[in-house]
Amino acid sequence: MKRKRLSTEKYLEGILSQNKVILSQAITLIESTNPSDELLATELIRKLPVSDESSKCIKLGITGVPGVGKSTFIDTFGNFLTSKGLSIAILSIDPSSQKTGGSILGDKTRMENLARDPDAYIRPSPSGSTLGGVAHKTHETILLCEAAGFDCIIVETVGVGQSETMVKEMVDFFLLLMLAGGGDELQGIKRGIMEMADSIIIHKADGDNIKTAKRAKVNYQNALHLFPPNLNNWIPQVSLCSSLQNTGIEDAWQIIQQFMNQMSGNGFLQKNRADQKQKWFTNLLQHKLLQKLYKSPELKQEINQSIERISSGQINVPSAVSLILDKI
Ligand code: GDP
């Protein structure tokens with residue numbers, strides 16, 4: 001069945017008035033690989049207002065291994081934000097869905113309270129053949145959500161080590177959820193991901209866990225001090241939280257606000273946003289140029305022949321590449 005398409009004006013009107021149904025349809029449009037949808041999506045994106053670096057919209061990245069309680073946290077934290085009068089959009093990136101067609105992050109029923117909250121919008125992970133492709137779609141979805149005027153956009157990802165760097169490059173603040181206990185406190189999550197975090201939450205700090213959670217907090221805070229200092233002079237904070245008991249949620253928000261105030265005061269927020277845009281521009285340009293090249297049947301054939309010639313030892317890699325470049 002052919003899905004209904006609106007005019008770009010109608011999409012734009014719906015997005016600007018934060019109409020969630022139309023926003024969803026617009027996101028589906030930009031995720032589509034159908035050539036006529038791609039044209040319409042390009043036209044729509046061209047018409048979006050351009051947000052500047054001083055935009056008030058806070059972009060948060062949240063990660064943590066499966067089971068750490070990301071969806072429960074986002075559900076509780078999201079409700080806290082909407083109760084403060086903020087509107088929020090939650091997007092997810094799930095590298096597992098690219099490989100298996102299934103998804104660790106699952107569907108939107110993971111956040112039951114938020115799913116019913118009129119001030120919250122939840123969008124599950126886009127599917128796509130490459131993580132890079134999915135990253136571009138998520139970037140574009142963020143543009144739509146910014147245009148829709150959400151106060152806070154949360155990008156959630158599974159902490160399994162593939163998508164965190166990508167998410168870090170889309171957000172202002174990167175939050176890592178961890179669990180206490182289980183032997184070595186630093187296990188389970190890669191050191192590189194810890195280095196990216198602006199804040200670590202020791203989650204499920206309730207019941208019998210409280211004591212170990214407090215100990216873990218000290219350990220993580222000490223571990224973070226051993227990392228090289230951030231250029232923005234921010235010292236990553238560690239806090240405790242129980243989403244089930246609704247404790248530590250306010251602390252988490254205060255740390256984020258403190259970060260945002262400090263970074264917009266010293267100009268790092270604006271600089272980071274400008275750098276992120278530049279990087280996305282370069283990546284997207286490369287991605288689109290390659291896509292365009294691969295669309296040419298002759299060139300595709302040349303590329304395939306080169307691969308065969310490389311495999312059978314007839315030509316080395318740089319020579320094959322320069323022959324292709326000569327043909328462009
Ligand atoms: P995700 O895979 O990271 O999204 O994790 P979920 O949010 O699905 O939570 C995994 C399990 O941890 C579920 O059984 C939750 O009920 C439980 N859980 C989540 N938050 C808390 C919490 O604050 N305290 C405790 N004790 N359990 C929690």
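Rounded to the nearest 10 degrees, the angle from helix 210-225 to the longest Cα principal axis of the chain is 60 degrees. Computed from Cα positions, the angle between helix 35-47 and the longest principal axis of the chain comes to roughly 60 degrees.
Placing unit charges on the Cβ atoms only, positive for Lys and Arg and negative for Asp and Glu, gives the chain a dipole magnitude near 440 debye about its Cα centre. Taking the charge dipole of the range 181-328 about its Cα centre, with +1 at Lys and Arg Cβ atoms and -1 at Asp and Glu Cβ atoms, the residue from Ile249, Tyr294, Ile201 reaching farthest to the positive side is Tyr294. With Cα atoms as the point set, the radius of gyration and Dmax of the chain evaluate to 21.8, 67 Å. Split the accessible area of the chain by element, probe 1.4 Å, and carbon with sulfur accounts for 55%.
Most mobile of Asp52, Asp172, Asp206 per a Gaussian network model of the chain (Cα springs, under 10 Å)? Maximum fluctuation in the GNM of the chain, among the listed residues, is at Asp52. Among the listed pairs Lys10/Lys70; Lys56/Lys279; Lys20/Lys70, those with a Cα-Cα distance over 30 Å are Lys10/Lys70.
Of all beta bridges that DSSP places with both ends in the chain, some 5 percent have antiparallel geometry. Ranking Phe268, His136, Asn219 by Cα position along the charge dipole of the chain, where only Lys, Arg, Asp and Glu carry charges on their C-beta atoms, puts His136 farthest toward the positive end.
Which value at 222 nm does the chain reach when only helices count, each DSSP H run of 4 or more adding -39,500 (n - 2.57), with the total divided by all residues and rounded to the nearest 500 deg cm²/dmol? It comes out at -16500 deg cm²/dmol, rounded to the nearest 500. Which one, Ile202, Ile154, Ile22, has the greatest fluctuation when you compute a Gaussian network model over the chain with C-alpha springs under 10 angstrom? In the Gaussian network model the winner is Ile22.
Pairs of alpha-carbon atoms within less than 8 angstrom and 6+ residues apart define the contacts here; what relative contact order does the chain have, in percent? Relative CO of the chain lands at 17 percent.
Net charge of the neighbourhood of Leu244, taken over other residues with C-beta under 15 Å away and scored Lys/Arg +1, Asp/Glu -1, is -1. In the elastic network of the chain, a GNM with C-alpha springs shorter than 10 Å, the most mobile of Val218, Val134, Val65 is Val218. Run the paramagnetic zone check for Leu226: 7 angstrom along Cα to Cβ, then residues of the range 200-219 with backbone nitrogen under 20 Å. Residues 200-202, 213-219 fall inside that zone. Counting only alpha carbon atoms, the long axis of helix 297-311 and the longest principal axis of the chain meet at about 80°.
When nucleic acids and ligands are ignored and a 1.4 Å probe is applied, Met178 ends up with an accessible area of around 10 Å².
The values are calculated or read from the model by the stated rules, or taken from the named source; none is laboratory data. This one's a predicted model, so the numbers in the text were calculated from it and none came from an experiment. Glycine also receives a Cβ, built like all others from the backbone with ideal geometry; neighbour counts cover every protein chain displayed. Just so you know, the surface numbers come from the protein's heavy atoms only, side chains and all, with ligands and any DNA or RNA stripped out. Shrake-Rupley method; radii C 1.70, N 1.55, O 1.52, S 1.80 Å.
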